[in-house]
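The values are calculated or read from the model by the stated rules, or taken from the named source; none is laboratory data. Note that the structure is a prediction, hence the values are computed from the model and not measured. All Cβ positions, even for glycine, are placed from backbone atoms using ideal geometry, and neighbour counts span all protein chains on display. Surface accessibility is based on the protein's heavy atoms, side chains included, excluding ligands, DNA and RNA. Shrake-Rupley method; radii C 1.70, N 1.55, O 1.52, S 1.80 Å.
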Amino acid sequence: MKVLALLPESFRAAEDIQRAVMLIRKRYVGHELHFGAPESMLEHYAPLLAPDVPLRYETGTIEKSYPELVVVIGRGAPPQVENVPHQRIYILRSDPLNLSPRGGFSLYQPAKLDARDNPWIDAHVFHQVGSRTFGFQHFALGPLYIDPEIGPINPFGFRINFDHRSLAERDPNHKVVAIFGGSAAFSCLVMYDEMFASLLEQSLNARGGPLHYTVLNFGMHDHITMQEMVTYLMYVQMVRPDVVISHGGHNDEWYGLQNDRFLLNNYQMVYQRHTEEWSKLIHKTEHVQTPPLFSTTPEIQALNLPQKVIQAYFFRKQQFKTIVEANGGVFLWGHQPLIWSKQKLSELEEEKRLQMENTNPNPLFHRFIRRVKMLHAKTSEELARLKGIRLIDLHQRFEKEPSTTTHFWDHVHCSPAGDQVVAQIYHEAIEGLEREGLLRAVSPGESHREQAQAQA
Amino acid sequence: MYVLGLSFNYHDSAAVLLKDGEIVAAAQEERFSRIKHDAAFPARAIVFCLKEAGILPSMLDAVVYYEDTLQKLDRVVTSFLEQGHLYPDYLRYVTEGWGLGRKFEPLEHISEHLRLPLSKVHYIPHHLSHAASAWLTSPFDEATVVTMDGVGEYETTTVSVARGNRIERLYSASLPESLGLLYSAFTAFLGFEVNEGEYKVMGMAGFGEPLAYEKLRSLIELTPDGLFKLDQRYFSFRCPRDLPYTQALRDLFGIPRKHGADFRVPPKGQAPQDEVEASSQHYANIAASLQTVTEEAILHVVGKAVAHTGISNVVIAGGVGLNSLANARVQRELGVKLFVQPAAGDAGSALGAALHHYHCTLGHPRKHVMVNPYLGAEYSDDDIEEALTINQLKAVRFDDQKALIDAVVERLVRGEVIGWMQGRFEWGPRALGNRSILANPTRSDMQAIVNLKIKFREPFRPFAPSVLAEHAAEYFDFSPPHSPSSPEHFMLAVGRVKEEQRQRVPAVTHVDGTARVHLVRRDTAPLFYDLIAAFGRQTGVPVLLNTSFNLKNEAVVDKPYDALETFAWSEMDALVMGRYLLLKENFV
């Protein structure tokens, strides 16, 4: 297939374009790939594209003869294309400050996903009656998040490229690590082989030795701990993972601050705020006044008390831990890093931080963001006092990460370099479990039962 | 007769309600909206005022806006015509902002919001609002009236003479000659937010020496007519783009301080040990120089004004009136009796607008003297219990006031930091004992504790002492108060802590030996007075460290939930709301 990738008229840094080119080349291996650029930029792009030579591009010229286009967006306006019907067009954002909530390709034309991008598009009724676009989709047991354009997903949107149920029957030396959490665990700004789940699996297996690891990513956009538990029960318990990593904190804090006070204070319930809006839509009760979502209006919203948010978070996480341990798994409580975890930010991170903290027109949003930042640090302090947990406090661990590296592409989501650090930290934690004998190889002749007893 | 005064659209919006010339209620919108310096239409403050009086909008006899919008627009357009080449998008930028914010038609906005005929909605010029706010609440029979701020319509500084219900303008300065904007320009240069960081500059000044005085002094000429002229090559006041100063100012003073940069100065007399200390000292010296030059300019303006009128009673309003260091020098060096309206900034103009209409337009004789600044909202036991219950918090209720005071004093003595919420909140930016964070001033570590662990703010910010009025002279050198309305009662003048007492109250003694004294009288603040008195009996020091009950960049608390939330986020040890005492351990 012939593919044309159009590069932008302006960009932030050469490394952004280099990454875009790398992603495009990787995606179109075996295809006839050409790069195009405005005449004024040809010189700039030539060294970045070598040995390819960029084609001179003007709107309404060469793009028509390609069945597939990738339009790379830089810092300014996107290149204009005159698309033709049946042409397939993807957008690829190259500026790290403009990625959220997704870092890879996104389908622009056709407007709906099809089986080429999402092979599971008709797999079940909720896909069939869903929006068939990228993003949240209603499901019987809470929302799913569908983003098939940054790497393979399974029928429920998890970034898993095989049927994990096959792991239920496995060799005792084949260990399974299941990761839970929100979009940071999903690794939403990086490609499949860049996410920390993939990197962790690679690094654990690269050591050789008798143990083999499979790392499953059950991270999902917006998930809070209660949804991690539901996910575990629905999809994961059946394979009895040896290790569960709950990589979270931010979403429980973010929503805990804003949630209904009765539910939070009395029942330790945290939920996505937008589900209130869904309820209004379903029941046609839009007239009922509820605190508006932050991004839409500068109305007042009294935030919940931090102690109550932390209590709810700890209560639910302990509950998840109990379930995992009852199923024979080791529970690692990961307190995720945020951009504020780093003491010194890279220039790009600093730009993003300022954008996050200062540019929203709603001053109450700034107050809210300050609260999230403070709460994440406070949670870290409280976690240090909790007994009987295996805490991996990545918030603390990121404090000294150098400003020469950009680990975050927004306030919560990591760059490939950030996910690499996360993977390394969890790698060390799992090696620690091995040293403790909690993940030990079965010697020839030793039965699975004996091993389980030994571990117990 | 009910008259409502309003200020809004630019910064510090507020509403004030008069009933027959007496202030029924006065509040800034920020207390209710929780947005510091909220400039939005003060809908919530209006609701509070009307509720306090128990009236409907239709019962208002007049509503008065604090500014002449057409004149202001004329200034914007004129500035653009003359200097638009420096910033070609200036006019579009301003008018778009005005359009979005309905700033072209504030009177119509008021009329629609309150469903009142436009004939009941009035306006008066900006500096007249300021002047009226100070004169018509002052304790004097006649006064020299000085207003100084950034800019109103055109004017930035005015001098008037006032008697009875007449305020007669004598002369004024107009943009771009502005002491307020001079201070703001350096506030921005020193890495702080304009209209917010001016207090921080004052605090920083205490750490410096005025080594850049000559340079700074060269920027301003104090003219024989009692006004001043700024060297406009260094400033961009008329069509400002991002910053109110030019490259020339950078060339003169070097690189501007980065927002949020570390601040740490070496001990007095010692050389800086590292880059942070060196740069902090450099910027502190600029702040000190600015403060000195500003004080000189204010002394010049006020001194010449008094000479012109021959009246040594002086009333000041406008944002510059909040410069408590300058106020102290005005009293001390000019020997005048000074009154500064507690909400001297634009919020106070709402008060001035209403008072001017009632007294000057309608001719009613003066009657209100500002002694009691507690004009905001008050909350009942039920309100407090509701806030506690919904968060499943248990507090100890004290039905005996003495027992409550004893319990609080015991905690203060042992070094705890207490959130203190009582009665109606204060009018103006200062916490005067009804929405305060209180601590023991005798502990030398308390300033750092409150700055860093409680308020999460810059380590160099000083704290004020609240002291029983009759004991103040034992601790502080300041001009003897002329009346219960003198600036020290509203924390608006700085005094020197007596040399021999500095060791006794280290937490409220700023690095330069000064303190922004707050005199507490039993007739206006009986509970707060009794608390300090009890603390004095226990420690021998009838002084408390008093700072506003808020976190950095947030509005001072209004209602019980705000107090609870601020308490929850900070490291305060206990919270007192009315008769309820809540301890931090109750949260767990």
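Brief remarks on what is shown
- Checked against the criterion of being open to solvent by less than 10 Å² (accessible area, probe 1.4 Å), of a type in the set (Gly, Ala, Ser) and either touching a residue at least 24 places away in the same chain (Cβ under 8 Å) or under 25 Å from B:LYS258 (Cα atoms) (or both), the candidates B:ALA212, B:ALA132 yield just one match: B:ALA132.
- Meets criteria (open to solvent by 10 Å² or more (accessible area, probe 1.4 Å) and touching a residue at least 24 places away in the same chain (Cβ under 8 Å)) for A:HIS138: yes
- Qualifying residue in segment B:460-479 (condition: in a loop (DSSP other than H, G, I, E, B), crowded, with 16+ Cβ neighbours inside 10 Å and either within 14 Å of another protein chain (Cβ to nearest Cβ) or of a type in the set (A, V, I, L, M) (or both)): no
- Number of positions in segment B:507-554 that are in a strand (DSSP E or B) and either within 14 Å of chain A (Cβ to nearest Cβ) or among the hydrophobic types (A, V, I, L, M, F, W, C) (or both): 6
- Of the strands (runs of 3 or more DSSP E) lying entirely inside segment A:1-111, the ones with 2 or more residues being open to solvent by 20 Å² or more (accessible area, probe 1.4 Å) are found at A:32-37, A:88-93, A:105-109.
- Some residue of segment B:265-285 being assigned to a loop (DSSP other than H, G, I, E, B), touching an Asp or Glu at 6+ places or on another chain (Cβ under 7 Å) and more than 30 Å from B:THR144 (Cα to Cα): yes
- Of all the residues in segment B:397-419, those that are under 29 Å from the mean Cα position of the chain (by Cα) and in a helix (DSSP H, G or I) number 4.
Here's the yes/no breakdown for (1) over 24 Å from B:ARG163 (Cβ atoms); (2) buried (at least 19 other Cβ atoms within 10 Å of the Cβ):
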position	(1), (2)
B:ILE298	no, yes
B:VAL302	no, yes
B:HIS308	no, no
B:GLY335	no, no
B:CYS360	no, yes
B:THR389	yes, no
B:ASP399	yes, no
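- Among the residues of segment B:432-452, those that are among the aliphatic types (A, V, I, L, M) and open to solvent by 10 Å² or more (accessible area, probe 1.4 Å) comprise B:ALA448, B:ILE449, B:LEU452.
- Of B:ASP74, B:ASP61, B:ASP89, B:ASP68, all but one fail to be in contact with a Pro (Cβ under 6 Å, 6 or more places away or on another chain) and away from chain A (no Cβ under 14 Å); the exception is B:ASP68.
- Close pairs (7 angstrom Cβ cut-off, 6 or more residues apart or separate chains): under 26 Å from B:ASP445 (Cβ atoms) in segment B:398-413, open to solvent by 70 Å² or more (accessible area, probe 1.4 Å) anywhere: B:VAL409/B:GLN538; B:VAL413/B:GLN538
- Residue in segment B:342-356 that is over 29 Å from B:TYR123 (Cβ atoms), touching a residue at least 60 places away in the same chain (Cβ under 8 Å) and in a helix (DSSP H, G or I) present: no
- Given (1) open to solvent by 20 Å² or more (accessible area, probe 1.4 Å); (2) more than 14 Å from chain A (Cβ to nearest Cβ); (3) without any contact (Cβ under 8 Å) to a residue 60 or more places away in the chain, number of the condition B:ARG504 does not satisfy: (3)
- The helices (runs of 4 or more DSSP H) located wholly in segment A:337-402 that include 1 or more residues which are touching a residue at least 24 places away in the same chain (Cβ under 8 Å) and within 14 Å of chain B (Cβ to nearest Cβ) occupy A:347-358, A:363-385.
- Subset tally (residues that are open to solvent by 40 Å² or more (accessible area, probe 1.4 Å) and assigned to a helix (DSSP H, G or I)) for segment A:204-223: 2
- When segment A:104-138 is filtered for residues that are in contact with a Pro (Cβ under 8 Å, 6 or more places away or on another chain) and acidic (Asp, Glu), only A:ASP117 remains.
- Some residue of segment A:376-393 being buried (at least 19 other Cβ atoms within 10 Å of the Cβ), at pLDDT 95 or above, under 19 Å from the mean Cα position of the chain (by Cα) and not acidic (Asp, Glu): yes
- Only listed residue being out of contact with any Lys or Arg (no Cβ under 8 Å at 6 or more places or on another chain) and touching a residue at least 60 places away in the same chain (Cβ under 8 Å), chosen from B:ILE46, B:ILE55: B:ILE46
- Here B:PHE490 passes the criteria (1) within 14 Å of chain A (Cβ to nearest Cβ); (2) open to solvent by less than 20 Å² (accessible area, probe 1.4 Å); (3) not aliphatic (A, V, I, L, M) except the one numbered (1).
- Filtering B:ALA39, B:ALA26, B:ALA43 for residues that are within 14 Å of another protein chain (Cβ to nearest Cβ), under 23 Å from B:ASP149 (Cβ atoms) and either within 19 Å of the chain's Cα centre (by Cα) or not aromatic (Phe, Trp, Tyr) (or both) leaves a single hit, B:ALA39.
- Annotation note: of B:GLY152, B:GLY191, the sole residue that is open to solvent by less than 10 Å² (accessible area, probe 1.4 Å) and on the phi < 0 side of the Ramachandran plot is B:GLY152.
Listed here are the residues, each with its yes/no results for (1) under 30 Å from A:ARG261 (Cβ atoms); (2) within 14 Å of chain A (Cβ to nearest Cβ); (3) hydrophobic (A, V, I, L, M, F, W, C).
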{"position": "B:THR361", "(1), (2), (3)": "no, no, no"}
{"position": "B:LYS367", "(1), (2), (3)": "no, no, no"}
{"position": "B:MET370", "(1), (2), (3)": "no, no, yes"}
{"position": "B:ASP382", "(1), (2), (3)": "yes, no, no"}
{"position": "B:GLU386", "(1), (2), (3)": "yes, yes, no"}
{"position": "B:LYS394", "(1), (2), (3)": "yes, yes, no"}
{"position": "B:ARG397", "(1), (2), (3)": "yes, no, no"}
{"position": "B:GLN401", "(1), (2), (3)": "no, no, no"}
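- Of all residues in segment B:561-588, those that are under 26 Å from B:ALA45 (Cα atoms), crowded, with 23+ Cβ neighbours inside 10 Å and away from chain A (no Cβ under 11 Å) total 4.
- Residue check for B:GLN71: surrounded by fewer than 18 Cβ atoms within 10 Å (Cβ to Cβ), of a type in the set (S, T, N, Q) and modelled with pLDDT under 90: no
- Candidates are the residues of segment A:95-109 that are of a type in the set (Gly, Ala, Ser) and over 13 Å from A:SER183 (Cα atoms); the one that is modelled with the lowest pLDDT is A:GLY104.
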